[in-house]
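Notes to accompany the following structure.
The values are calculated or read from the model by the stated rules, or taken from the named source; none is laboratory data. This structure is a prediction, so every number in the text was calculated from the model and none was measured. We place every Cβ from the backbone using ideal geometry, glycine too, and count neighbours over all the protein chains shown.
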Amino acid sequence: MINRFLFLILMGLSVFSINAFQWPVSEISVLASFGQNEFGSFLKGINLGGSPQDVKALDSGELVFYSHQAESPLDLPSGLGTYVIYQHNNGIRSLYGHLQDNSILTDKLIVSLEDVIGKTGNTGMDPGSMLYLQLIDTGFKKYINPLLSLPLLNDQLKPRIKNVYILSHGEKIILNPKTNIKSGVFGLCADIRDSGVNTDFYNPLAPFSISLYLNGENLANINFESLKVVEGNMLLQESDGISFEELYKNDWEYFLGEFEFNPGDVMIEISVKDFSGNEGVKLIPLKITD
């Protein structure tokens, strides 16, 4: 599994510029995270909530495009309402959606870190006051998880691993040490939820990474680092090109892969990390029979 900081190094020199990005709002409340299930597809950015507040650019940059909801009823990037896009160094673009209508700073082509570029709003498809933030690497033509490039949040809560189950002939079998399983090939799934950050209510998010071990052998790694469109399909790039349909069983249940369970003792270990380095681990010992 690639941790947050190693991933930034492996990304190349462009990482060092985006790693210094500032949060676009002062009150930070993460409502939805990169790659999570949003209306049956991967979320390509993050949603930030909180009271109505000023929005600043992640870094100095050049205005590329903007759209007022009232002027664009079709809303080109669907559902974003009033939004603005800036170009930064090394081919990185940032997009800010759901802004208050007519709040965008449009008379300044080059903005600095201090400039207020708009205000959080409720334009577009999402209810309530929020900001949708998206990062695009135009050189590699992919979406980058913004949480890789922003200062760490003060998050002390571990991700939760709830039910772990196998799929057998269409049947869902919850795993625990008393589960009787005969040898065979099964799909392995887990219900995983990362706690929302700085929210006053339970608001699960997608994690940063999921790793699966069988008897100590690492057999699967899923990392929510970047998304790329390949032959018309949106894929998690650093996770063997997993598509949304392959990964999600429902909102919070993830398909970890198909594995052979041979007779004998088997230890399943699932490790889940969030962006602050908090780790949740679940161990399930099983006895597989002939």
> Does Ile166 meet the test of being farther than 25 Å from Gln53 by Cα, outside the structural domain of Ser29 (by TED's automatic domain parsing) and surrounded by 14 or more Cβ atoms within 10 Å (Cβ to Cβ)?
Replying inline: yes
> Does region 258-268 hold any residues that are out of contact with any Asp or Glu (no Cβ under 9 Å at 6 or more places or on another chain) and surrounded by fewer than 16 Cβ atoms within 10 Å (Cβ to Cβ), and which are they?
Replying inline: Glu258, Glu260, Asn262, Gly264, Asp265, Met267
> Out of Ser239, Ser271, which single residue is crowded, with 19+ Cβ neighbours inside 10 Å, of a type in the set (S, T, N, Q) and modelled with pLDDT of 95 or more?
Replying inline: Ser271
> Being of a type outside the set (S, T, N, Q), part of a helix (DSSP H, G or I), under 15 Å from the mean Cα position of the chain (by Cα) and under 30 Å from Gly40 (Cβ atoms), is that true of even one residue in region 268-290?
Replying inline: no
> Residue check, Gly49 against (1) on the phi > 0 side of the Ramachandran plot; (2) surrounded by 19 or more Cβ atoms within 10 Å (Cβ to Cβ); (3) at pLDDT below 90, all met but one. Which one?
Replying inline: (1)
> Which one is farthest from the chain's Cα centre (by Cα) among residues in region 121-144 that are among the aromatic types (Phe, Trp, Tyr) and crowded, with 19+ Cβ neighbours inside 10 Å?
Replying inline: Tyr132
>> Please go through region 169-184 and give me each residue that is among the β-branched types (Val, Ile, Thr) and more than 32 Å from the chain's Cα centre (by Cα), ordered by number.
In response: Thr179, Ile181
>> Just the residues that are without any contact (Cβ under 8 Å) to a residue 40 or more places away in the chain and more than 23 Å from Asp194 (Cβ to Cβ), please, taken from region 215-240.
In response: Glu217, Val230, Glu231, Gly232, Asn233
>> If Phe201 satisfies all but one of (1) surrounded by 13 or more Cβ atoms within 10 Å (Cβ to Cβ); (2) at pLDDT below 90, what's the number of the condition it fails?
In response: (1)
